Amino acid sequence: MTTVREFGGAGSGPLDVAAIREDFPILSRTVRDGRPLVYLDSGATSQKPRQVLDAEREFYERHNAAVHRGAHQLAEEATDAYEAARETIARFIGGDVGEVVFTKNATEAINLVSYAMGNAATADEGLRRFQVGPGDEIVVTEMEHHANLVPWQELCRRTGATLRWFPVTAQGRLDLSDIDELVNERTKVVAFAHQSNVLGTVNPVADIVARAREVGALTVLDACQSVPHMPVDVVALGVDFLAFSGHKMLGPNGIGVLWGRRELLEAMPPFITGGSMIGVVHMEYSTWAEPPQRFEAGVPMAPQAVALAAACDYLSAVGMERIADHEHTLVEYALKELDAVEGLRIVGPTEAVDRGGAVSFEVEGIHPHDLGQVLDDRGVEVRVGHHCAWPLHRKLGVIASTRASFYLYNTTEDVDALVSAVKVAQEFFGTRG
Amino acid sequence: MQLDAMYQEIILDHYRNPHHKGLREPHNAEAHHINPTCGDEVTLRVALTSAEGSLLDDRAVVSDVSYEGMGCSISQASTSVLTDLLIGRTVAEGMRTLEAFTELMHSKGKGEPDEEVLEDAVAFAGVSKYPARIKCALLGWMAWKDAVSQSLEKEGV
């Protein structure tokens, strides 16, 4: 359905970024007073290539119908396209097609697990594995995005379970020194980020999963910042659930994915109920469909699923290894260049080891909002604030920070533009000559 | 560069040398407001002196506004300007000033502020072109409104 040109042969050599950028119409526009756009906010949302936009348009123009309903030709085509998209996306993360559940976004995917567990609390013994209550513990980390923190706080509040967390070191790494005490026989869930959206830290998934398995706790991995940026294989990771969003990986808004191990999804009660997720329905009661349909109540977002599959195809054609290498080069360069700016302090690991393409920093004497305003005036679009990780900022003694995040379409020139704009801000506010 | 229009010298002066900063006694009420997008915060106290022979009402005089805060230049300068404008005014006058300032902030850069009413606060007109920064400019003002309402509820007629 989409054509992806060869980027100098997938899987080898540096990216042809100029060719890639041609696929992203938005990157050639200007902002504010005619400044070329320097987009450094892909950690919040990525830009979309034509191939993704075309796939969504083609679905609407040729195959649009409500999927898994009706027997007419369009309904068949739409359903085929939707289920084929599921296969592509499952393959992209090394999972099985029956293990991919479409959600609104990653936030909903995580809520799906936490609410299913809350629903299990009032159900029969068959769902014991998912039940939590007083005396049980749920473990998160101090570096979580609010999306992987608040749902667990709420589950604890509803069920009487206790929330605990891995601390973060001053260097922006997880402190696992107390892991054997923290993750124990009372632990029901360990939920953590694969890569921090603020610090860029890539967490040691294997160590945490190994301990969780020893005590029989379920693992939930927030992969929002990893699936778009590095090769991810759910089997190799060994987690039980993994969540990510479409819009951060060149895909459209309004679609996210929950991947879950089949036997868990098969045993798990639903979160949202209604049409499509049922077995049989009587006036008095209903039974549930098998997964993944059990977790997809209502008419699903088929055009977005098709477009997300096109995004996976695009990324696969470029090669996830090459994208990860490209971002590694950028972040290494950015760390070096930013560190050389007087009065600038990097928040998070300063070495490009186990570290993805997001760099947060503080500039002495300039509030991030004011810094972001000057950067924006120069066409450099970054994120300012606490990036939905307020407890992490509090822990690191930072009110707010400025974050630059990279993707396959960014260049070292973008980093240069950032550094030069930071220096302009320092001059403007008179904090540095 | 549009920055100069936004960061008027008056704003930067108030940011570098804020007026009436620090929490003081006596006070009738205190309000703590947070901007949830960035974590900026202000704690603001008001002291009111009632009109002669009356309980606290909108004729009361704002005898002091004191505050502590952390935040960007816009939120800090705006709170500093607020203290200059509102200390010594009646509650009714203060509310009218707040209304004029709020209207200016929502004017999308097209407002024609009344300098008689807003004085130094007219410098914030440029901020209204940037929707993301309006909350910054209003942070202290909303805390003031809250603290005054609390005072009137507690001790008013």
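The values are calculated or read from the model by the stated rules, or taken from the named source; none is laboratory data. Just so it is clear, the model here is predicted, and its values are computed rather than measured. With ideal geometry, Cβ positions are generated from the backbone for all residues, glycine too; neighbour counts draw on all protein chains shown.
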- Query: Which pairs have Cβ atoms under 7 Å, sit 6 or more apart or on different chains, and link a residue in region A:92-110 that is in the same structural domain as residue A:289 (by TED's automatic domain parsing) and within 17 Å of residue A:225 (Cα to Cα) to one that is in a helix (DSSP H, G or I) and not aliphatic (A, V, I, L, M)?
  - Reply: A:92/A:312; A:92/A:316; A:110/A:148; A:110/A:151
- Checked region A:352-377 for anything more than 9 Å from chain B (Cβ to nearest Cβ) and either touching a residue at least 60 places away in the same chain (Cβ under 8 Å) or of a type in the set (Ser, Thr, Tyr) (or both); matches are A:354, A:355, A:356, A:357, A:358, A:359, A:360, A:363, A:364, A:365
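If a residue has to be more than 15 Å from residue B:21 (Cβ to Cβ) and in contact with a Ser or Thr (Cβ under 8 Å, 6 or more places away or on another chain) to count, how many in region B:54-84 make the cut? Outline the logic, then answer.
Of all residues in region B:54-84, those more than 15 Å from residue B:21 (Cβ to Cβ) come to B:54-63, B:72, B:74.
Within this subset, residues satisfying the condition of being in contact with a Ser or Thr (Cβ under 8 Å, 6 or more places away or on another chain) are B:56-63.
Looking only at that region, the number is 8.
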- Query: Any residue in region A:380-387 that is touching a residue at least 12 places away in the same chain (Cβ under 8 Å) and either away from chain B (no Cβ under 14 Å) or assigned to a helix (DSSP H, G or I) (or both)?
  - Reply: no
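Which of the residues that make up region A:135-168 are small (Gly, Ala, Ser) and closer than 11 Å to residue A:222 by Cβ? Steps first, answer last, please.
Keep residues of region A:135-168 that are small (Gly, Ala, Ser), which gives A:135, A:147, A:160-161.
Matches in region A:135-168: A:147 only.
Yes or no, residue by residue, for (1) touching a Lys or Arg at 6+ places or on another chain (Cβ under 6 Å); (2) more than 28 Å from residue A:255 (Cβ to Cβ); (3) not assigned by TED's automatic domain parsing to the domain that holds residue A:254:
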residue: A:325; (1), (2), (3): no, no, yes
residue: A:337; (1), (2), (3): no, yes, yes
residue: A:341; (1), (2), (3): no, yes, yes
residue: A:383; (1), (2), (3): yes, no, yes
residue: A:392; (1), (2), (3): no, no, yes
residue: A:399; (1), (2), (3): no, yes, yes
residue: A:415; (1), (2), (3): no, yes, yes
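Name the residue that is nearest to residue A:46 (Cα to Cα), counting only residues in region A:392-433 that are outside any helix (DSSP H, G or I) and among the basic types (Lys, Arg). Working first, answer last.
Initial filter on region A:392-433 (outside any helix (DSSP H, G or I)): A:396-411, A:429-433.
Narrowing further to those that are among the basic types (Lys, Arg): A:403, A:432.
Details: A:403: 14, A:432: 33 Å.
If we take residues in region A:392-433 being outside any helix (DSSP H, G or I) and among the basic types (Lys, Arg), then A:403 is nearest to residue A:46 (Cα to Cα).
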- Selected residue (only one of A:90, A:123 is modelled with pLDDT under 95 and out of contact with any Ser or Thr (no Cβ under 8 Å at 6 or more places or on another chain)): A:123
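Would region A:224-233 turn up any residue that is among the acidic types (Asp, Glu), closer than 25 Å to residue A:161 by Cβ and either assigned to a loop (DSSP other than H, G, I, E, B) or touching a residue at least 12 places away in the same chain (Cβ under 8 Å) (or both)? Break it down into steps so the answer makes sense when it comes.
Just the residues of region A:224-233 that are among the acidic types (Asp, Glu), to begin with: A:233.
Narrowing further to those that are closer than 25 Å to residue A:161 by Cβ: none.
Checking region A:224-233: not a single residue is among the acidic types (Asp, Glu), closer than 25 Å to residue A:161 by Cβ and either assigned to a loop (DSSP other than H, G, I, E, B) or touching a residue at least 12 places away in the same chain (Cβ under 8 Å) (or both).
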- Note on the structure: Quick count over region B:102-133, residues being under 21 Å from residue B:19 (Cα atoms), among the hydrophobic types (A, V, I, L, M, F, W, C) and in contact (Cβ under 8 Å) with a residue 24 or more places away in the chain, is 5
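Report those helices (runs of 4 or more DSSP H) wholly inside region B:1-93 carrying at least 3 residues which are surrounded by fewer than 17 Cβ atoms within 10 Å (Cβ to Cβ), modelled with pLDDT of 90 or more and within 14 Å of chain A (Cβ to nearest Cβ).
Numbers: elements: B:3-6, B:9-16, B:73-86.
The qualifying helices (runs of 4 or more DSSP H) are B:9-16.
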